[in-house]
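J.: There's a structure below that I have some questions on.
The values are calculated or read from the model by the stated rules, or taken from the named source; none is laboratory data. Not measured: the values here are computed from a predicted model. Neighbour counts run over all protein chains shown; Cβ positions are idealised from the backbone, glycine included. Surface accessibility is based on the protein's heavy atoms, side chains included, excluding ligands, DNA and RNA. Shrake-Rupley method; radii C 1.70, N 1.55, O 1.52, S 1.80 Å.
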Amino acid sequence: MKIEFAPRSLPLQRRLQTASVAQWVFSFLGLAQCCTAAFIILLFTRFWLVSALYAAWWFIDREKPSKGGRRIHFFQNCVVWRYMRDYFPISLEKTAELDPRQNYLVGFHPHGVLAAGAFLNFCTEATGFSTLFPGITPHLMMLSLWFRIPFFRDYAMSGGLIASDKESASYVLRKPEGGNLLVIIVGGAQEALDARPGSFTLLLKNRKGFVRLAIQHGTPLVPAFSFGENDLFDQVNNPKGSWLRRIQHFLQQIMGISLPLFYARGIFQYSFGVIPYRRPICTVVGKPIPVQKKEKPSEEEVDQVHQKYLNELSQLFEKHKAKYNVPEDSHLEFI
């Protein structure tokens, strides 16, 4: 295998961009494990009080991920996210105004391998979310498992991430003053197993919990499609029914997270590694779909709104795909 190395004359700007993306990838692949190890190791050193005091704080603060989280504006405006934005680059596009007096539920598609577009657009200010949607505060949902990890939970909450459970979603959506945007990556971890360049397969056909949630709170649904999200990594071939897919599905059921075997480029060479390719991502936020509030909607009512959502998402994709170099004969596939 021929290894192609990055030229030594690579500008400092590009090096900073690569470093910013590397730290972001590491935060998902290794930071959680490092935080857990540090918490345990400190208990057996003269710095044991650090872990003891944190454990007390953790207990007191245990409900925070389900109560809107704790965003830190300094974290969201950190320069590292702007370098990360420019690496791909990543952009955010709106197609309709959102009334800050209302709450909204956004369905984000696709998940991709590491949901780069979702994180950068809704957890940081790198792409100018607050300028595009003034008066709106985004809350991106993340697997509750991550909030059980010491130190890492605080890192996640500082970007506005909240636990992905019904209690957490309801807390955001029932705020009477409005101005809250709940972002759910509907396909979840399972959809990441189908994330590969050129794929437009969405795990959405039987995912209706977010629709029911919107009806129960009378919250408008907003479809969002992230063009280029699946193009960042290649993935080891894992067709449904294969031994690898069965193992991945089994591990997902046990741990709650999927384990896609992905690869792209390295930090110092372009042939192999876990650093994503430099490919553009544009997240297009569609127009709100009005939803009539009903505490206990019937299955038929949920199905009707769900079908309307699928139609709006398909129209959003078809309207913008040519702009982002998607082949004319490519269409969304719902499974």
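J.: Could you check the range 55-69 and list, in sequence order, the residues that are crowded, with 16+ Cβ neighbours inside 10 Å and either within 30 Å of residue 232 (Cβ to Cβ) or in contact with a helix residue (DSSP H, G or I) (Cβ under 7 Å, 6 or more places away or on another chain) (or both)?
T.: Those that are crowded, with 16+ Cβ neighbours inside 10 Å and either within 30 Å of residue 232 (Cβ to Cβ) or in contact with a helix residue (DSSP H, G or I) (Cβ under 7 Å, 6 or more places away or on another chain) (or both): 64, 65, 66, 68, 69.
J.: May I pose another question? Please go through the range 125-163 and pick out each residue that is in a loop (DSSP other than H, G, I, E, B), surrounded by 20 or more Cβ atoms within 10 Å (Cβ to Cβ), under 12 Å from the mean Cα position of the chain (by Cα) and on the phi < 0 side of the Ramachandran plot.
T.: 159
J.: Could you please let me know if residue 276 is at pLDDT 90 or above, under 23 Å from the mean Cα position of the chain (by Cα) and closer than 30 Å to residue 124 by Cβ?
T.: yes
J.: Looking only at residues that are under 25 Å from residue 94 (Cβ atoms) and either among the polar types (S, T, N, Q) or open to solvent by 60 Å² or more (accessible area, probe 1.4 Å) (or both) in the range 294-321, which one is nearest to the chain's Cα centre (by Cα)?
T.: Residue satisfying both the conditions and the ranking: 314.
J.: Which one of the conditions (1) more than 23 Å from residue 116 (Cα to Cα); (2) in contact with a strand residue (DSSP E or B) (Cβ under 8 Å, 6 or more places away or on another chain); (3) among the hydroxyl-bearing types (Ser, Thr, Tyr) does residue 283 fail to meet, given that it meets all the rest?
T.: Only one criterion is unmet by residue 283, namely (1).
J.: Out of all the residues in the range 240-280, which are open to solvent by 70 Å² or more (accessible area, probe 1.4 Å) and in a loop (DSSP other than H, G, I, E, B)?
T.: 240, 259, 261, 267, 268, 270, 272, 279, 280
J.: Can you pull out the residues in the range 70-104 that are among the hydroxyl-bearing types (Ser, Thr, Tyr) and surrounded by 15 or more Cβ atoms within 10 Å (Cβ to Cβ)?
T.: Matches in the range 70-104: 83, 87, 91, 104.
J.: Inside the range 214-233, can you point out the residues that are at positive phi and either within 16 Å of the chain's Cα centre (by Cα) or buried (at least 22 other Cβ atoms within 10 Å of the Cβ) (or both)?
T.: Residue satisfying the conditions is 228 alone.
J.: Based on what the data block shows, is residue 280 within 13 Å of residue 235 (Cα to Cα) and touching a residue at least 12 places away in the same chain (Cβ under 8 Å)?
T.: Answer is no for this residue.
J.: Quick check on residue 301: is it of a type in the set (Asp, Glu), touching a residue at least 12 places away in the same chain (Cβ under 8 Å) and in a loop (DSSP other than H, G, I, E, B)?
T.: no
J.: Of the residues 211, 236, which single one is at pLDDT 90 or above and more than 19 Å from the chain's Cα centre (by Cα)?
T.: Of 211, 236, the one residue that is at pLDDT 90 or above and more than 19 Å from the chain's Cα centre (by Cα) is 236.
Table: residues versus (1) more than 30 Å from residue 292 (Cα to Cα); (2) of a type in the set (D, E, K, R); (3) in contact with a Gly (Cβ under 9 Å, 6 or more places away or on another chain).
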position: 73; (1), (2), (3): yes, no, no
position: 99; (1), (2), (3): no, yes, yes
position: 122; (1), (2), (3): no, no, yes
position: 149; (1), (2), (3): yes, no, no
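J.: If residue 107 satisfies every condition in (1) more than 23 Å from the chain's Cα centre (by Cα); (2) in contact (Cβ under 8 Å) with a residue 12 or more places away in the chain but one, which is the exception?
T.: Single failed check for residue 107: (1).
J.: A further question follows. Within the range 225-258, track down each residue that is touching a Pro at 6+ places or on another chain (Cβ under 8 Å) and among the small types (Gly, Ala, Ser).
T.: Hits for the range 225-258 are 226, 228.
J.: In the range 164-194, which residue that is outside any helix (DSSP H, G or I) and more than 16 Å from the chain's Cα centre (by Cα) is surrounded by the fewest Cβ atoms within 10 Å (Cβ to Cβ)?
T.: My answer is 176.
J.: State all residues of the range 208-253 that are in contact with a Lys or Arg (Cβ under 7 Å, 6 or more places away or on another chain) and without any contact (Cβ under 8 Å) to a residue 12 or more places away in the chain; if no residue qualifies, say none.
T.: 239 - this is the single residue of the range 208-253 that is in contact with a Lys or Arg (Cβ under 7 Å, 6 or more places away or on another chain) and without any contact (Cβ under 8 Å) to a residue 12 or more places away in the chain.
J.: Determine whether the range 24-46 contains at least one residue that is without any contact (Cβ under 8 Å) to a residue 24 or more places away in the chain, of a type in the set (A, V, I, L, M, F, W, C) and not in a helix (DSSP H, G or I).
T.: Within the range 24-46 (the criterion being without any contact (Cβ under 8 Å) to a residue 24 or more places away in the chain, of a type in the set (A, V, I, L, M, F, W, C) and not in a helix (DSSP H, G or I)), the answer is yes, since at least one residue qualifies.
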